[in-house]
Structure formats: C-alpha cells, structure tokens
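Undergrad: Here's a structure for you.
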Amino acid sequence: MNVLYSIFVDPFMQMAQAPDLLVQTLWEGLVGGMLYALIALGFVLIFKASGVFNFAQGIMVVFAALTLVGIYDLLTKWGVPAGVTAAYLALAVSLAVMFGLAVAVERVMLRPLVNQPDIILFMATFGLTYFLIGFGEFVFGGNPKRMIAGELSLPSGAIDFKMAGGFVSLQKIDIAAVLIVSVMVAGLSFFFQRTRIGRALRAVADSHKAALSVGISLEQIWVVVWFAAGVVALATGIMWGARSEVSFSLQIISFKALPVLILGGFTSIPGAIVGGLIIGIGEKLGEFYWGPLLGSGIESWLAYVIALLFLLFRPQGLFGEKIIERI
Amino acid sequence: MFYREAGQFKTSYVDDQAIFPIRQDRIGLAVILAIAFIGVPLFGSEFFISAIMVPLLVFSLAAIGLNILTGYTGLLSLGTGGFMGVGAFACYKLTTIFPDVNIIVWILVSGFFASGIGILFGLPSLRIKGFYLAVATLSAQFFLDWAFVRIPWLVNDNTSGAIEVPMRTLFGIPVTGPTAQPEVRYLVVLSVVAFLTLIASNLVHGRIGRSWMAVRDMDLAAELIGIRLYRAKLLAFAVSSYYCGVAGALMVFLWYGSAEPAVFGIDQSFFILFMVIIGGLGSLVGSFFGAALIYGMPIIIKSFVSLFGLQIAPATVEHVTFMTVGGLIVLFLIIEPAGLARLWQIGKQKLRVWPFPY
C-alpha cells in the first residue's frame, strides 16, 4: 500500500504543493528535449536522405564544437582581436571544415559503398566515429574547452519571475536555444518539403538505384545532406557546449537522442521535435519525482523505456511513415 | 590441386549432411584442434596464452552469440555487453551461494539466466525491426548497466562493487582465482568454446537454423511458409543471449579474475558487433576471424610502433590507433562487405581449382 501511495499519489501531491518547482522542472525538460531534438534532427536528416543510420552524429557534434573553439584560439593567436569578429570568422571557417568533412565522407566512404545493405553503411559510420575520435584528440587534445558563447553574442544570465510563493529561473541561453532550434527545424522542414533538392533527397532515401535512374546525382545529394547534418552538429555543439563545456564526453549525448528517434520516427522532422519534448520532459519529471524511489541515475534508461512503450503501440514511431510490407 | 573433393563419394545421408563433408577440411580442423589443445599450452608463452588466446576465444564465443542473432536471424542487437554481464553476475551469485558445485557447471548454467533476460528484451522484436529494434536493444544495455551498478546484492554487497572471483578447482587443480595457471584456464576456455561452437554449428545447419535464415531473408515470407515468427525470433534471442552470457562468465572467471560493471558497457557491445560484421554476418568461422582481427589489430599496431622504436607519447599512440582502427573498418567494408568469411571462401575456391583460373 505504501509503495502504491509513493508511486501514484505522493509525486502528484508534491507537484500540487510546489507549482514553481513543477514549472521549473517542466522548463528544464523542455530545454533538454529541444536539445535532444537537435541531435535527433542530425540523425533524421541523414537517415531520411540516404537511409544511413549515422552513428557518427554524436562525435560530429564534438568535432564541430572543438573545431570552432580551436580555430577561434588560433585566430586570436594570429592577431585577430578577440571578440565578435574573431568568433564569427571562426564560425565561418568551421562551416567550411564541416563542408570539407561532408565531401571527404562522400568521396572516401559512401561512394564505394553505394547500394550496400543498410547494416554495412551503419557499420561504416562506426569506423568514421573511431576515426574522428582519434583525429579530434590528435589535433585538439583531450582537454575540455570553454565554448565561446559570449563571443558569439549568445546571452548569458537568467531571468527570474515570481510564482506561487517561489520563483522560476529561466537561463537566457536556454531561451536562445529554444528559439534557434525552432528556426532551424522550420527551415529544414521547408527545405525538405518544398524545394527541388529536398524532394531529390527523399527519392534517394527510398532507393539509391531508382534515384540514379531518374537522373539524381547521388554524390551531390550526399554532400548536401552530410553538410546539413554537419551544420546541425555545429549548432548542437554550440548549445551543449555553452551549457557545460566542450569535451569528448559530449558524444554520449547521441545515445540520449536515440530514444527520441524511435519515438518520433526515423524519417520525420516534426517527429524528432515532438519526440524530443516527450523524452526531455518525461525524463526530468521521472527523475525528479519518481527517481528517489528507484535510486538515482534512472535518467540513463528511463527514456528508452518510455520510447519502448510507445513502440509497442506504434512500431513506426509517432510520425514515421507507415510501414508497408510486400512480398 | 591440394584441396579437391574428387574421389570422395557420399554413400549415405549421414555423409551428405556432415558438417565438414570434404576430407581436407576434416584434416585441417583436426590439425587446428591439435595445435590449439596440445601445441599452444606446451609451447606458448604465458603472455601469449593469457593475454591473446584466452581473450580471443572469449570474444569469439560472444561473437558467435551475436552472429546467431544478427547474422543468422537478421535482428540487429546492441545489448551484447549487457547480456554478457548477466552471465557473469549470475555465475558469481551461483558459485558463491553453492560453492560445492563445479564451476564449469555454473558457467554453463549462468548462460540460461542471460537467456531469460534476452527473451524479455527480445519481446519488442515481435513488433519492430531494423534500426528501431537496435535502439530497443540499447534499452537492455542501459538498463542492465544501471542494474549492475545500483543493485549491491549482485556482488554480495561488496564495497568495491566489483566481482571478486573466488578460487574454484576442477579435479583438484585450481581453475579460477589468482592461483590458477594460465594453461589450465586456457584449456577450460578452449573446451567450452569448442563444445559450444559444435552445438552452434549443428543448430544453424539444422531445421532451427534454416527457420532463422528464412526469417532473416524475409520475415513475411517465412511466416507464410509456416514458420512461427515469435518462436523463431525469441529462440534466436534466447540462444544468442545464452552464448553471450557464457562468454561473459568465461571472461570474468577465466580471464579478468575480477571485473567492475563498466566492462559490460556499451563499448563492449559495439566491439563485438564490429567482430561479427568484419568477420562476416552469418558465418561461424567468420566470428573467429573477426574476433582475431578486431582484438588483434590494436596489439599489432602497438607492436609496430615499438618495433620501429619510434619515440611517440603513449597518448599519441592511442589516437593513432583509434584513427587506424576506424580507417581499417571502413577499408574492410569497402573491400569485402561480406566480411573475412567471404574472403576465406574465395581462397578455398581458388585452391580447389588451382592451377587453373576457374
């Protein structure tokens, strides 16, 4: 009886008694969810457009962020005055590096593996992950670095407002993150749904062979989509880096994004957002109100359990394309 | 010329169904087994036996387990590390609760606990497949990781939170624990792996294996020809987890000696998936090749560095190792996506027709 009470009644009592804490938890869940969604978006982009489950997305985030910080350091060392100019110059160079990475991946890895089974391409992205880990540490060193958030004119500090006897504190960087993610998602959805190249991307995802036969250039498409994923990775790296610091341990956030993916569907951009929000909020609420019952640390698998429960009812995810099977 | 089955007639069904129908294969296998059982313990150095051969066999067994699931049944799983952990912890609990029962028995029994957990986490496979399933099996990995750390009962409330392998004997000779000789541990691991490989070989060549492969090739069609999908898939999960569990128990009891939960992490799962894919999906011999390559590659790279006497910081060596391993994985996939097992087959075919090109 006691157990049932502490599972089904007590958490809700706590929520009702301290609405400010509830709102704070919800907000943190929302921000976390947006950031998960951003990582998931990187996966979705590549999966939607090439059928490749890109395991390297997590390390790409770290790599992009490290490149940005590293180039900024280099520029200031060369005499460019530290500040906004150097930061945006570094951002431009990092974008160029991500483009170079996209071209290199297409040339070296994807082109020889055209029309191979999915699992082989999946495996190849593992190889890429290992390579990028080694390469990144080789070039930038393994020490954590500070993200140049202030120099990129991202706001810092917090807004507090009073509520029901307490107060809720919103970090300005979180508000900026939510805005940036929303804009990026809107832009990418438009790109996929309404532009010529977006349609070509979806054709490639359906079948490499068929897309080739109607005159779509696989090479071009792959570079475009890996570059887009690189841009998303850079944005993710800036946001996550600004919240803590840039280090290789950031790559595990890609595991956080996987339940978001299966929840939202591998092929749906809005799905990534909604999935991210459900997971983010569910995780924070679960950890805060139900976590003490099971011992801490349930965050690591709670998201997966939520996603699995959804999957039992909708095997293709919330927004995934309906699975049609033929013989 | 050297490898030709001309003149070897099969006069009965038994001959025809043999695992190795060609005489040269049987001779080759006998030679390999003789070297493994007699040559290695007699002439191998202690380092070679305990740091190369034992890990290699353990990983081969785990790779066979994953291969049954991913290679033969087509269900991608990323929970291997977790299932290995279940085997290891089950074996530890069993042998501390019933210390008088032979440790070999417990190693083999602990696999069944892994099976049970495997079936539980295999249930989503009835509804979902492909990468969705891979992510679903990740939930097993993360949940088990968490459980190994958070439930102190699993390690008998050890303050270190690690498995401390107790000393156990077989015919009066220590097999596990700090006093066990590497040769003894090696022979035990080898016997278990050889025995389980034989079973696996029989399984995949028989009715069950054929139903698994039918499910892999097209599950809808398999269902139409009367294969019960849920039975085939869950059986694959059970058998695969059994092998992984036994491999985990062997790893802790006969290789590490003591183990923290961290060794059953997500990295271990990926490591074994590498072995399966590089070795060849759907091939038992490929599992051995893959384990040898993936486990051996960093060792070879490191010994190369020391061979040339290069003065490089250890951190740099590690980074270069990472880069090389990553590059080689991509390279292998490009050269032969079907894995080393396919190269092995091509080699055998070439030998068969030699000196003619075809």
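Undergrad: Multiply the residue separation of A:Ser169 and A:Arg146 by 0.36 nm, subtract the distance between their alpha-carbon atoms, and state the gained length in nm to one decimal.
TA: Fully extending the segment from A:Ser169 to A:Arg146 adds 5.9 nm.
Undergrad: Which one, A:Phe63, A:Phe310, A:Phe190, has the greatest fluctuation when you compute a Gaussian network model over chain A with C-alpha springs under 10 angstrom?
TA: Comparing A:Phe63, A:Phe310, A:Phe190 in the GNM, the peak value goes to A:Phe190.
Undergrad: Express in whole angstrom the spacing between the alpha-carbon centres of region B:129-177 and region B:187-241.
TA: What the calculation gives is 25 Å, centre to centre.
Undergrad: Based only on Cα atoms, what mean projected area does the convex hull of the protein assembly as shown have, in nm²?
TA: Computed as one quarter of the Cα hull surface, the answer is 36.9 nm².
Undergrad: Also: Can you give the Rg/Rh ratio of region A:174-322, where Rg is from the C-alpha atoms and Rh is the Kirkwood radius?
TA: Using only Cα positions, Rg/Rh for region A:174-322 is 1.02.
Undergrad: Moving on. Given N residues in region A:42-99, what is Rg(Cα) / (2.2 N^0.38 Å)?
TA: Here the Cα radius of gyration is 1.39 times the empirical estimate.
Undergrad: Just the projected area, averaged over all directions, of the convex hull on the alpha carbon atoms of region B:31-89: how many nm²?
TA: Convex hull of Cα atoms, orientation-averaged projection: 5.4 nm².
Undergrad: Computed FRET efficiency, Cβ-Cβ of B:Arg23 and A:Ser207, R0 56 Å: what is it to the nearest 0.05? Intermediate values should be presented prior to the final figure.
TA: On the way: r = 46 Å, r/R0 = 0.82.
Once rounded, the FRET efficiency stands at 0.75.
Undergrad: Work out the length of the dipole vector of region A:56-151 about its Cα centre, built from +1 on the beta-carbon of each Lys and Arg and -1 on the beta-carbon of each Asp and Glu, and round it to the nearest 20 debye.
TA: 120
Undergrad: Separate question: Working only with C-alpha atoms, what are the Rg and Dmax values of chain A, expressed in angstrom?
TA: According to the Cα coordinates of chain A, Rg and Dmax are 21.1, 69 Å.
Undergrad: Right, here's the next one. State, to one decimal in nm, how far the label point of B:Phe48 lies from the label point of B:Ser258, with both points 7 Å from Cα in the Cβ direction.
TA: Each label point is offset 7 Å from its Cα along the Cβ direction, giving 3.1 nm.
Undergrad: Provide the descending list of Cα extents for region B:199-358 along its principal axes, expressed in whole angstroms.
TA: Principal extents (largest minus smallest coordinate, Cα): 63, 53, 27 Å.
Undergrad: Which pairs break 27 Å Cα to Cα here: A:Lys172/A:Lys284; A:Lys209/B:Lys348; A:Lys77/A:Lys256?
TA: Pairs exceeding the cut-off: A:Lys209/B:Lys348; A:Lys77/A:Lys256.
Undergrad: Let me check the size of region B:1-113 from its C-alpha atoms; what are the radius of gyration and Dmax in Å?
TA: Here Rg and the maximum Cα pair distance are 19.4, 58 Å.
Undergrad: Using Cβ counts within 10 Å as a stand-in for footprinting exposure, how do B:Met323, A:Met239, A:Met147 rank, fewest first?
TA: Starting with the residue having the fewest Cβ neighbours, the order is B:Met323, A:Met147, A:Met239.
Undergrad: With the dipole of region B:64-174 worked out from charges on the C-beta (+1 for Lys and Arg, -1 for Asp and Glu) around the Cα centre, which of B:Gly71, B:Ala140, B:Ile151 lies farthest toward the positive end?
TA: Ranked along the dipole, the leading option is B:Gly71.
Undergrad: Can you pull the one-decimal nm distance between simple spin-label points at B:Arg342 and A:Phe313, each 7 Å off the Cα toward Cβ?
TA: 4.3
Undergrad: For region B:81-116 and region A:11-29, write down the distance between their C-alpha centroids in whole Å.
TA: Cα centroid of region B:81-116 versus Cα centroid of region A:11-29: 44 Å apart.
Undergrad: Pull out the extension gain between B:Asn156 and B:Phe195, defined as 0.36 nm times the separation in residues minus the alpha carbon to alpha carbon distance; nm, one decimal.
TA: The span from B:Asn156 to B:Phe195 would gain 10.9 nm if fully extended.
Undergrad: Which three semi-axes in whole Å describe the equivalent ellipsoid of region A:1-138, each the square root of 5 times a Cα gyration tensor eigenvalue, listed largest first?
TA: Values: eigenvalues 311, 142, 29 Å².
Three semi-axes, in Å: 39, 27, 12.
Undergrad: What is the order of A:Val224, B:Val31, B:Val215, fewest Cβ neighbours within 10 Å to most?
TA: B:Val31, A:Val224, B:Val215
Undergrad: Sticking with this one: For region B:296-355, state what percent of all Cα-Cα pairs lands in each successive 10 Å bin, counting from 0 Å until the bin that includes the largest distance.
TA: Histogramming region B:296-355 at 10 Å steps yields 19, 34, 25, 18, 4 percent.
Undergrad: Which of the helices in chain A meet the span-like rule: DSSP H, Cα axial reach of 27 Å or more, Kyte-Doolittle mean at least 0.0?
TA: Details: long enough: A:19-50 (45 Å, 1.36); A:57-77 (30 Å, 1.46); A:84-104 (30 Å, 2.20); A:118-140 (32 Å, 1.68); A:172-194 (33 Å, 1.57); A:218-243 (37 Å, 1.35).
Helix filter hits for chain A: A:19-50, A:57-77, A:84-104, A:118-140, A:172-194, A:218-243.
Undergrad: Using 0.36 nm per residue, how much length does the chain from B:Ala6 to B:Ile225 gain when fully extended, once their Cα-Cα distance is taken away?
TA: Once the chain is fully extended between B:Ala6 and B:Ile225, it gains 75.2 nm.
Undergrad: Next question. Evaluate the distance, in nm, between pseudo-label points positioned 7 Å from the Cα of B:Thr96 and of A:Val80 along their respective Cα→Cβ axes.
TA: The answer from the label model is 5.8 nm.
Undergrad: Let me have the relative contact order for chain A, percent, based on Cα pairs under 8 Å that are six or more residues apart.
TA: 34
Undergrad: Report relative contact order for chain B in percent, whole number only (criteria: Cα-Cα under 8 Å, sequence separation at least 6).
TA: For chain B, the relative contact order is 29 percent.
Undergrad: Further question on the same structure: Would you work out the charge dipole size for region A:2-125 about its Cα centre, treating the Cβ of every Lys and Arg as +1 and the Cβ of every Asp and Glu as -1, and quote it to the nearest 20 debye? Can you show the working numbers first?
TA: On the way: 4 positive and 6 negative charges, 109 e Å.
Around 520 debye, computed over region A:2-125.
Undergrad: Could you give the dipole magnitude of chain A about its Cα centre, charging the beta-carbon of Lys and Arg +1 and that of Asp and Glu -1, in debye to the nearest 20?
TA: Rounded to the nearest 20 debye, it is 860 debye.
Undergrad: Moving to a separate point now. Which residues in region A:239-260 have a backbone N closer than 17 Å to a point placed 7 Å from the Cα of B:Ala315 along the Cα-to-Cβ line?
TA: Label zone hits: A:246-250.
Undergrad: Given the options B:Val246, B:Val40, B:Val305, which has the most mean-square fluctuation in a GNM of chain B, springs set between C-alpha atoms less than 10 angstrom apart?
TA: Its mean-square fluctuation being the largest, the pick is B:Val305.
Undergrad: Evaluate the relative contact order of region B:1-106 (contact order divided by residue number), counting alpha-carbon pairs under 8 angstrom at least 6 apart; express in whole percent.
TA: 11
Undergrad: Turning to a different aspect of this structure: Hey, if you put +1 on the Cβ of every Lys and Arg and -1 on every Asp and Glu Cβ in the protein assembly as shown, which of B:Gly326, B:Ser45, B:Ile104 ends up farthest toward the positive end of that dipole?
TA: Going by the Cα projections, it comes out as B:Gly326.
Undergrad: Something else now. Give the cross-link partners of A:Lys48 among the aspartates and glutamates, using a straight C-alpha distance below 12 Å as the criterion and excluding same-chain residues fewer than 8 apart.
TA: A:Asp206, A:Glu321
Undergrad: Going Cα to Cα from B:Lys350, which lysines come in below 24 Å? Please leave out same-chain ones fewer than 8 positions away.
TA: Cross-link targets: B:Lys10.
Undergrad: Go ahead and set up a Gaussian network model of chain A, Cα springs under 10 Å, then flag whichever of A:Trp222, A:Trp78, A:Trp27 fluctuates most.
TA: The residue that fluctuates most here is A:Trp78.
Undergrad: Just want the ordering: A:Glu106, B:Glu223, from fewest to most Cβ atoms lying within 10 Å of their own Cβ.
TA: B:Glu223, A:Glu106
Undergrad: With point charges of +1 on the Cβ of Lys and Arg and -1 on the Cβ of Asp and Glu, referenced to the Cα centre of chain A, which listed residue (A:Phe99, A:Ile279, A:Val139) lies farthest in the positive direction of the dipole?
TA: Working it through, the farthest residue towards the positive pole turns out to be A:Phe99.
Undergrad: In terms of the Cα gyration tensor, with a ≥ b ≥ c the square roots of its eigenvalues, is chain B rounded because a/c is under 1.5, prolate because a/b exceeds b/c, or oblate?
TA: Verdict is rounded for chain B.
Undergrad: Straight-line reach from B:Lys233: which lysines have Cα under 25 Å away, leaving out those fewer than 8 places along the same chain?
TA: A:Lys322, B:Lys129
No value in this document is a laboratory result; all are computed from the given coordinates. Just so we're clear, the structure is a prediction, and the values are computed from it rather than from any experiment. So basically every Cβ, Gly included, is an ideal-geometry build from the backbone, and we count neighbours across all protein chains shown.
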